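Q: To start, I am sharing the structure in question, which I have written as structure tokens.
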Amino acid sequence: MNGVILRWPVPICTTINAQYYKKVLQDKLRPAIRKNRPGLLESGILFHHDNAPAHTAQAVTDVLAGYKWELLEHPRYSPDFAPCDFHLFPKIKEHLCGQRFETEEDIIQATKVAIKNLDKCSYVTAFKDRLQRIVKGANNGGCYVE
């Protein structure tokens, strides 16, 4: 909720499988947490990702268990519970709207600027809204909620 810890553009033509995701967790995310949020690894991580096969693979769950990170459960077939889809991506798209880019690096840099310009309230709102959608979905028999 305190902002982006890691921006990692996936190289073109890269398949996101368990091995790739595990490597990003180990080699990119964990070091970024240590660098950008000193003390957070020791105080505890509350981690959320969706139910994509790469995220739920045994190799990944073993790594996360070894880190002792607490996982937030993501209900099956529930795209409406992903905070990025409702807050982060629309705000990035708003920032990028109407721009044309010559290179992949231009897109990456513009996206970094868009993320950097988000205020802390955006993240807090995203997670509060996520919680409200989860409660609403639970009260609605698990049906899709917007």
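Q: Tell me, what is the 1.4 Å probe accessible area of Lys28, in Å² to the nearest 10?
A: Its heavy atoms expose roughly 80 Å² to the probe.
Q: Rank Lys68, Lys136, Lys91 by accessible area, highest first, at a 1.4 Å probe radius?
A: Per-residue accessible area, sorted high to low, gives Lys68, Lys136, Lys91.
Q: Just to check I understand the Karplus step: with θ = phi - 60° and J = 6.51 cos²θ - 1.76 cosθ + 1.60, what whole-Hz values come out for segment 107-118, glycine and proline as x?
A: 5, 4, 5, 5, 5, 4, 5, 4, 5, 4, 7, 6
Q: Another one. What figure, in Å² to the nearest 10, do you get for the accessible area of Leu64 with a 1.4 Å probe and non-protein molecules left out?
A: Per-residue accessible area (Leu64): approximately 0 Å².
Q: Shifting gears a bit: Residues with amide H under 5 Å of Phe47's amide H, sequence separation 5 or more or different chain, H placed in the peptide plane at 1.01 Å from N; which?
A: Counting only residues 5 or more places away or on other chains, the set is Glu70, Leu71, Leu72.
Q: Once ligands and nucleic acids are excluded and a 1.4 Å probe is used, how much of Thr125 is accessible, expressed in Å² to the nearest 10?
A: For Thr125, the solvent-accessible surface is approximately 60 Å².
Q: Order the following by accessible area, largest value first: Ile108, Ile33. Probe radius 1.4 Å; ligands, DNA and RNA are ignored.
A: Values: Ile108 35, Ile33 5 Å².
The most accessible residue leads, giving Ile108, Ile33.
Q: Could you list, in their original order, any pairs among Lys23/Lys120; Lys22/Lys112; Lys112/Lys136; Lys28/Lys120 whose Cα atoms are separated by more than 31 Å? Please report the intermediate quantities before stating the final value.
A: Working: Lys23/Lys120 28 Å; Lys22/Lys112 23 Å; Lys112/Lys136 33 Å; Lys28/Lys120 23 Å.
From Lys23/Lys120; Lys22/Lys112; Lys112/Lys136; Lys28/Lys120, over 31 Å: Lys112/Lys136.
Q: Another question about this same structure. Could you tell me which of Ile12, Asn36, Leu46 has its Cα farthest along the dipole of segment 1-50 towards the positive end, charges placed at Cβ (Lys, Arg +1; Asp, Glu -1), taken about the Cα centre?
A: Asn36
The values are calculated or read from the model by the stated rules, or taken from the named source; none is laboratory data. Keep in mind that what you see is a predicted model, and the values were worked out from it rather than measured. Using ideal geometry, Cβ is built from the backbone for each residue, glycine included, and neighbour counts are taken over all protein chains shown. Areas reflect the complete protein model, heavy atoms only, side chains present, ligands, DNA and RNA absent. Shrake-Rupley method; radii C 1.70, N 1.55, O 1.52, S 1.80 Å.
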